[in-house]
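Okay, so here's the structure we're looking at.
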Amino acid sequence: MNRLLIGILDIINKLLALLIIISATVEGYRGDFAGSYFAAPAGLAQQVLWTVIGFIIGLALAGIFSGFIAAIVTIARELVALRELMAVRVWTNPPPPP
């Protein structure tokens, strides 16, 4: 069950990262990325520039949010592996001190 939930969270994390990148790029392309703070791009060069800026901002935001979720997923996978290792490991008494 834990592996299934971790797998689902991992897939949702990847889709969230793609959604953030695509939405930031589209907002940069459309010119309403910054709301009312900046004017809409007037020419093709400005539109391309804002598209690239939107893409870079999208990558940064996706890296922050998805990186945090990926760290949680990695920790959960390591804990599951550690639990399985401890369940299989044969416990023996430590050697006596010299």
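The values are calculated or read from the model by the stated rules, or taken from the named source; none is laboratory data. Keep in mind that what you see is a predicted model, and the values were worked out from it rather than measured. For neighbour counting, all protein chains shown are included, and Cβ atoms are generated from backbone atoms with ideal geometry for every residue, glycine included.
Return the only residue of 75, 56 being without any contact (Cβ under 8 Å) to a residue 40 or more places away in the chain, of a type in the set (A, V, I, L, M) and either farther than 19 Å from residue 9 by Cβ or not in a helix (DSSP H, G or I) (or both).
Just one listed residue meets the conditions, 56.
Suppose we filter the stretch 1-24 for residues that are of a type in the set (S, T, N, Q) and under 14 Å from the mean Cα position of the chain (by Cα); how many remain?
Residues that pass the stated criteria total 1.
Mind listing just one residue for me: the one in the stretch 62-90 that is surrounded by 15 or more Cβ atoms within 10 Å (Cβ to Cβ) and of a type outside the set (Val, Ile, Thr) and, of those, nearest to residue 21 (Cα to Cα)?
62
Where residues in the stretch 78-98 are charged (D, E, K, R) and at pLDDT 75 or above, which of them is nearest to residue 12 (Cα to Cα)?
It comes out as 78.
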